[in-house]
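Here is the structure we will look at.
Rule-based calculations on the coordinates, nothing more; no lab input. Quantities reported herein were computed from a predicted structural model and do not represent experimental measurements. Every residue, glycine among them, receives a Cβ derived from its backbone with ideal geometry; neighbour counts consider all protein chains shown.
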Amino acid sequence: MRSPFWVELWFLIGGPVIWLLHYLSIYTINALHCARPRAWLGTIWISLPISSWMILICSALALSAMAWVAQRQHRRLHAGDSRRFHTRLTDSLCLLSALAVVWETLPVFLVSRCG
């Protein structure tokens, strides 16, 4: 039995949607930290501010959610040519979104805080 269109659509665009939520969350965290550097987000813990640790946690959650979406799509669709296309498309979108998440996380280690 075929699954509803909306279920197919959400699994296909799951990776980019997770990336979008990650993008919004890390830039919100960074903006709050830079707007109020003396607030609790600026507190240094193990040589990084709390805001950087929050960004790292958001990145780990986003990457694991993308892996879950890809794995779930593999389990759901394992037969047929069009289904294989959907699986490969989901994998490609999740991989591209995962690269974007890693790229957005690199400044935590490479760029000075707020400047």
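Multiplying the sequence separation of Trp10 and Ala35 by 0.36 nm and subtracting their Cα-Cα distance, what value in nm do you get? Before the final figure, lay out each step's value.
On the way: separation 25, 0.36 × 25 = 9.00 nm, distance 3.51 nm.
Once the chain is fully extended between Trp10 and Ala35, it gains 5.5 nm.
Quote the FRET efficiency, to the nearest 0.05, computed for Ile57 versus Phe85 with a Förster distance R0 of 25 Å and r equal to the Cβ-Cβ distance.
0.15
By how many nm would the segment from Ile46 to Leu99 grow when fully extended, if each residue of separation counts as 0.36 nm and the alpha-carbon distance is taken off? Intermediate values should be presented prior to the final figure.
Working: separation 53, 0.36 × 53 = 19.08 nm, distance 2.60 nm.
Result: 16.5 nm gained on full extension.
Per 10 Å bin, what percent of the C-alpha pairs of the range 5-110 does each bin hold, from zero upward?
Taking every Cα pair in the range 5-110, the percentages come to 15, 39, 24, 15, 6, 1.
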